[in-house]
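Participant: This structure is in structure tokens; I'll ask about it shortly.
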Amino acid sequence: MLAKIRSAAVVGLEALPVEVEVDAGQGMAKLNIVGLPDAAVRESIERVRAAIRNSGLRFPANRRVTVNLAPADLRKEGPAYDLPIAVGVLAASGQLPPGALDGAIVLGELSLDGSLRHVRGVLPVADMARHEGIVELYVPEVDAAEAALIPGRHVYPVRTLGELVAHLQGLAPLTPQMGLLKLTPQPPPPVVDFAEIQGQEHAKRALEIVAAGGHNMILVGPPGAGKTLMARAVPGILPSLTLEEALEVSRIYSICDMLPSDTPLIQQRPFRAPHHTISNAGLVGGGHWPRPGEISLAHRGVLFLDEMPEFSGKVLEVMRQPLEDKLVTISRAQGSLTFPANFVLIAALNPCPCGYYGDSERACTCSLGMIQRYRKRISGPLLDRIDIHLEVPRVPFEKLSQAQRGESSETIRARVEAARARQQARLTEPGQTCNADMGPAEIRRFCQLRDAAQALLRAAMRQMHLSARAYHRVLKVSRTIADLEGVEEIQAHHVAEALQYRTRVLDM
């Protein structure tokens, strides 16, 4: 007897339909799995056999059971096929009513006692079901809330194999999971509030511009100047995620198996701060089965690289293409996968190995050659892709000890959200949400300069030897400064402030 059960395979950020075909024929008792399974799928033979027996059901004896995972040219990985294989074996042996799972998707990992464990990638599978017109999904109970984020599906939370069999036989129907696809109206308080950062008013102004326009930034200053503290405060002034952006981020974390079971929908912008020992694959993604890296985990959020020169030069250079294209493509012999990588890069570093070059109170102990070698660890093309270069000096005692607090993150976020609203009303191309996403056509249309501003930028291009990329980035930052001011026309003082942030503080 032949049974067919629908399931899915996760490839990159997408889920593809997989049909689990189970044939129980005459012959020596054996269970074979074909269709390009990996080791975890092949090991499901013993899990399925034990789970069926321990659930009080009958594993077909004296039958040659063949399981085919179609299409056969698509590699299958992970234990998510345990449940569809077990259900297929039961259907092929006549223990389930025929057609009980027609038009449904089944996935889940089985324990030996028949209970179901968590599997990754449930959210993209539910999204695939919507596009395929499949209404019913049977998933582990711990993953039901995640699957229910996609509206219009009947998601059935399953605790055990026996419970699913009783539901299909009509003995104990399961109750569908109710979806809660909505965002909380008020964001939680920031981890670091800008009101707690003493001094550094010019740096806080630059960070406000970074948040308003989605620009990249590099902070250079001595140890203890507050670079890390300010970077960790940036998520608190970023605008709240839209529902579409929250689903994008949640999909990435679901694929990486990093989605909390009690929080199926990520509603806060990510903040990722990888250690400098990270590998290429860890940063941009990769591996034998390609997975998203830190730049994709920071999608719609902040990627913070502390002590940037300590990162491997090869690791830093692979970021050049994602910084331009807002996505990363990983190519393997089997094909290419593309992951989103639209993040705000904030990098921090010391001006020299000892950290005190140019400091007003402590002498630098590094030689000129040491300083040059240290700074050359960051290439010119990579620095050219960073919009704002800022020097962060030591904070004097008078600033640190003053009782007066600065502006709160909530106040700054209100201005940032107002500037973002102007940008979103202006930008109509798909995927463009802020000024940093503008291409040459949008820059030409929305960054027109009057005579005074144009003359200032022309002189700066000649004196600062700016590249064409730097020219466009200055215009984008100028556009953001004008948006924060609430004016439509970019004026000369907007360009002047943007040019101040373009000074390469690492040049000697």
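Participant: For the condition touching a Leu at 6+ places or on another chain (Cβ under 7 Å), crowded, with 22+ Cβ neighbours inside 10 Å and small (Gly, Ala, Ser), what is the one hit in Ala86, Ala72?
Facilitator: Ala86
Participant: On to the next question. Which one of these does Pro381 not meet: (1) within 28 Å of Leu297 (Cβ to Cβ); (2) over 24 Å from the mean Cα position of the chain (by Cα); (3) open to solvent by less than 40 Å² (accessible area, probe 1.4 Å); (4) touching a residue at least 60 places away in the same chain (Cβ under 8 Å)?
Facilitator: Condition not satisfied by Pro381: (3).
Participant: So Tyr356 fits all but one of (1) under 30 Å from Pro235 (Cα atoms); (2) open to solvent by less than 30 Å² (accessible area, probe 1.4 Å); (3) over 27 Å from the mean Cα position of the chain (by Cα); (4) not β-branched (Val, Ile, Thr); what number is the exception?
Facilitator: Only one criterion is unmet by Tyr356, namely (2).
Participant: Tell me which of these Ala195 doesn't satisfy, since it passes every other one: (1) open to solvent by 10 Å² or more (accessible area, probe 1.4 Å); (2) over 30 Å from Pro309 (Cβ atoms).
Facilitator: Exception for Ala195: condition (1).
Participant: Among the residues that make up the stretch 334-342, is at least one of them in contact (Cβ under 8 Å) with a residue 40 or more places away in the chain and open to solvent by 50 Å² or more (accessible area, probe 1.4 Å)?
Facilitator: yes
Participant: Restricting to the stretch 3-44, what's the tally of residues that are open to solvent by 50 Å² or more (accessible area, probe 1.4 Å) and under 19 Å from Gly99 (Cα atoms)?
Facilitator: Number satisfying all stated conditions: 5.
Participant: Another question, if that's okay. Output yes when any residue across the stretch 45-53 is surrounded by 17 or more Cβ atoms within 10 Å (Cβ to Cβ) and under 30 Å from the mean Cα position of the chain (by Cα), and no when none is.
Facilitator: Scanning the stretch 45-53 turns up no residue that is surrounded by 17 or more Cβ atoms within 10 Å (Cβ to Cβ) and under 30 Å from the mean Cα position of the chain (by Cα).
Participant: Mind listing just one residue for me: the one in the stretch 85-138 that is polar (S, T, N, Q) and modelled with pLDDT of 95 or more and, of those, farthest from Pro176 (Cα to Cα)?
Facilitator: Of everything passing the filter in the stretch 85-138, Ser111 is farthest from Pro176 (Cα to Cα).
Participant: Residues of the stretch 242-279 being open to solvent by less than 50 Å² (accessible area, probe 1.4 Å), under 18 Å from Pro124 (Cβ atoms), of a type in the set (A, V, I, L, M) and not in a helix (DSSP H, G or I), which ones?
Facilitator: Of everything in the stretch 242-279, those that are open to solvent by less than 50 Å² (accessible area, probe 1.4 Å), under 18 Å from Pro124 (Cβ atoms), of a type in the set (A, V, I, L, M) and not in a helix (DSSP H, G or I) turn out to be Leu259, Leu265, Ile266.
Participant: Only one of these conditions is not met by Ala3: (1) out of contact with any Asp or Glu (no Cβ under 7 Å at 6 or more places or on another chain); (2) under 20 Å from Glu136 (Cα atoms); (3) not in a strand (DSSP E or B). Which number is it?
Facilitator: Result: Ala3 passes all but (3).
Participant: All but one of (1) farther than 24 Å from Leu123 by Cβ; (2) in contact with a helix residue (DSSP H, G or I) (Cβ under 9 Å, 6 or more places away or on another chain) hold for Arg362, so report the exception by its number.
Facilitator: In the conditions (1) farther than 24 Å from Leu123 by Cβ; (2) in contact with a helix residue (DSSP H, G or I) (Cβ under 9 Å, 6 or more places away or on another chain), Arg362 misses (2) alone.
Participant: Further, regarding this structure: On the basis of being surrounded by fewer than 16 Cβ atoms within 10 Å (Cβ to Cβ) and out of contact with any strand residue (DSSP E or B) (no Cβ under 7 Å at 6 or more places or on another chain), does Gly282 make the cut?
Facilitator: In short, no.
Participant: Kindly list the number of the only condition in (1) out of contact with any Ser or Thr (no Cβ under 6 Å at 6 or more places or on another chain); (2) over 29 Å from Gln95 (Cβ atoms); (3) in a helix (DSSP H, G or I) that fails for Val192.
Facilitator: It is condition (3) that Val192 fails.
The values are calculated or read from the model by the stated rules, or taken from the named source; none is laboratory data. Everything numeric here is computed off the predicted structure, so don't read it as measured data. We place every Cβ from the backbone using ideal geometry, glycine too, and count neighbours over all the protein chains shown. Accessible surface areas use protein heavy atoms only, side chains included; no ligands, DNA or RNA. Shrake-Rupley method; radii C 1.70, N 1.55, O 1.52, S 1.80 Å.
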